[in-house]
1. Dividing the Cα convex hull volume of the range 1-59 by residue count, how many Å³ per residue is that?
2. Can you give me the accessible area per residue for the range 3-119, using a 1.4 Å probe, in Å²?
3. Give the Debye-formula value of log10 I(q)/I(0) at each listed q (0.21 Å⁻¹), with one equal scatterer per alpha carbon of the chain, two decimals each.
4. Using a 1.4 Å probe on the protein chains only, how many percent of the accessible area of the range 62-127 belongs to carbon and sulfur?
5. Highest mean first, what order results for 24-31, 67-74 on Cβ atoms within 10 Å?
6. For ASP9, what accessible surface area do you get with a 1.4 Å probe? Give it in Å², rounded to 10.
7. Can you give the helix-only mean residue ellipticity at 222 nm for the chain, where every DSSP H stretch with n ≥ 4 adds -39500 (n - 2.57) and the sum goes over all residues, rounded to the nearest 500 deg cm²/dmol?
8. If you build the convex hull over the alpha carbons only and average its shadow over all orientations, what do you get for the range 61-130? Give it in nm² to one decimal.
Amino acid sequence: MSLLSAARDIREKAYAPYSKFKVGVALRSVSGDVFVGVNVENAAYPEGTCAEAGAIAAMIAAGQTQIAEVAVIADAPTPVQPCGGCRQKLKEFSDADVRVTMANLDGVSLSMTVGELLPGAFSKDQLDMS
Ligand code: THU
């Protein structure tokens, strides 16, 4: 199954009763494992989490930290791009050349790298961790 198909399938399980905007994400780690996530909203709106965060959390819980490829899908007129916070979250675990495929349910898609989505990202290299 393609990464985009996995994202499309998991999207059905999104919990988005407030925005009604269901998002599905599938990511492949460098080990070849696929992790999926959906957005999970909350009656206290800011407590909601994005689909990207869910997929990343699943990968981390499995003991993996390096993303190889990402697919994001939602029902929108144009391919849905990760929000700013999710670009930063993806960057933490991705090299700049990791490809992100964004799509809508009509089959329109857009492909960009993590580096293109978040040029000049803040990174752990800038932290003094001594
Ligand atoms: N959303 C995601 O899950 N990922 C994105 O990249 C964009 C936005 C969710 C958050 C919220 O539940 C809904 O879409 C509307 O913003």
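The values are calculated or read from the model by the stated rules, or taken from the named source; none is laboratory data. For clarity, every value in this text was computed on a predicted model and none was experimentally measured. Note that we place each Cβ from the backbone using ideal geometry, even for glycine, and neighbour counts take in every protein chain shown. Heavy atoms of the whole protein, side chains included, go into the accessibility calculation; ligands, DNA and RNA do not. Shrake-Rupley method; radii C 1.70, N 1.55, O 1.52, S 1.80 Å.
1. Taking only Cα atoms, the range 1-59 has a hull volume of 64 Å³ per residue.
2. Working: 5720 Å² over 117 residues.
Heavy-atom accessible area per residue stands at 49 Å².
3. So the normalised log intensities work out to -1.24.
4. 52
5. Details: 24-31: 22.1, 67-74: 23.8.
In descending order of packing, they fall as 67-74, 24-31.
6. Its heavy atoms expose roughly 80 Å² to the probe.
7. On the way: 4 runs with 33 residues, N = 130.
Only helices count here, giving -7000 deg cm²/dmol.
8. 5.8
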